[in-house]
Amino acid sequence: ASATATITAEPEPITLDLAATALVIIDMQRDFMEPGGFGETLGNDVSQLARAVAPIANVLAAARDMGMLVVHTREGHKPDLSDAPPAKVERGAPSLRIGDPGPMGRILIRGEPGHDIIPALYPAEGEVVIDKPGKGAFYATELGNILKQHGIANLLVCGVTTEVCVNTTVREANDRGYRCVVISDGCASYFPEFHEMGLRMIKAQGGIFGWVAPSAAVLEAMS
Ligand code: TIU
């Protein structure tokens, strides 16, 4: 592949230096994707998220083939909850709270089975894994420094959920100067209407936070 490629995106095509582009896969963890995890404790239908897996797997395979920097993120907290704000832990009326024991271990706690990334998208040796306490991947993490070290200016962003951790991360990245292309079918929400609106918010107003493109268009540009 040549270094420069144009992705057929909305609100307009975008030309990127692929050597300065990273693939960022947000929170494809068992805790969000599978029954018995954090997502389900909040009352969500986790089956809504499964549709994002195959498109992400396809883009991940292409990124690995071309040697693109791959970053996986995981939302979660230290076992002693010292990085979990009470305002987050105490919120709402979930069936299990962050830190409580569940069928995949303690809910949203690092090192527990539920916190890890689903087998279909498991990080390969050498890929970056960012553990983040918040919804955005830049807050209280090394992500910004790692992207700088690799000379990254552009991000291909996918994962779950569209309107929560994907949107928050894209807004953080946009303010830091990154061009973000969000892979529409590589994102999903527990609420299909929030997925749709989450993508529209990004690409409205001339691309106020970034660009949106389907995985087919991203793969075409990477080939
Ligand atoms: N609940 C929900 O939609 N999302 C999260 O809590 N975290 C992420 O989006 N990863």
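FYI, it's all coordinate maths here, none of it is from the lab. Quick caveat: nothing in here was measured; it's all calculated off a predicted structure. Because the Cβ atoms are built from the backbone with ideal geometry, glycine has one as well, and the counts that use them run over all protein chains shown.
So here's what we get for this one:
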| read-out | value |
| --- | --- |
| Tally, over segment 174-200, of residues that are of a type outside the set (Val, Ile, Thr) and within 15 Å of the ligand (Cβ to nearest atom) | 14 |
| Residue under evaluation Phe194, criteria (1) outside any helix (DSSP H, G or I); (2) on the phi < 0 side of the Ramachandran plot, criterion not met | (1) |
| Filtered residues of segment 117-169 (kept if touching a Phe, Trp or Tyr at 6+ places or on another chain (Cβ under 6 Å), within 12 Å of the ligand (Cβ to nearest atom) and without any contact (Cβ under 8 Å) to a residue 60 or more places away in the chain) | Glu163 |
| Qualifying strands (runs of 3 or more DSSP E) (wholly inside segment 1-71; at least 1 residues being buried (at least 20 other Cβ atoms within 10 Å of the Cβ), small (Gly, Ala, Ser) and away from the ligand (no atom under 16 Å from the Cβ)) | 21-26 |
| Number of positions in segment 131-147 that are outside any loop (DSSP other than H, G, I, E, B), under 21 Å from Phe32 (Cα atoms) and out of contact with any Asp or Glu (no Cβ under 7 Å at 6 or more places or on another chain) | 1 |
| The one condition in (1) buried (at least 19 other Cβ atoms within 10 Å of the Cβ); (2) on the phi < 0 side of the Ramachandran plot that Val129 fails to fulfil | (1) |
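So that you can scan it fast, the table gives a plain yes or no per residue for (1) more than 16 Å from the chain's Cα centre (by Cα); (2) of a type outside the set (A, V, I, L, M); (3) surrounded by 19 or more Cβ atoms within 10 Å (Cβ to Cβ):
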site: Val166; (1), (2), (3): no, no, yes
site: Val182; (1), (2), (3): no, no, yes
site: Ser189; (1), (2), (3): no, yes, yes
site: Gln205; (1), (2), (3): yes, yes, no
site: Gly210; (1), (2), (3): no, yes, yes
site: Pro214; (1), (2), (3): no, yes, no
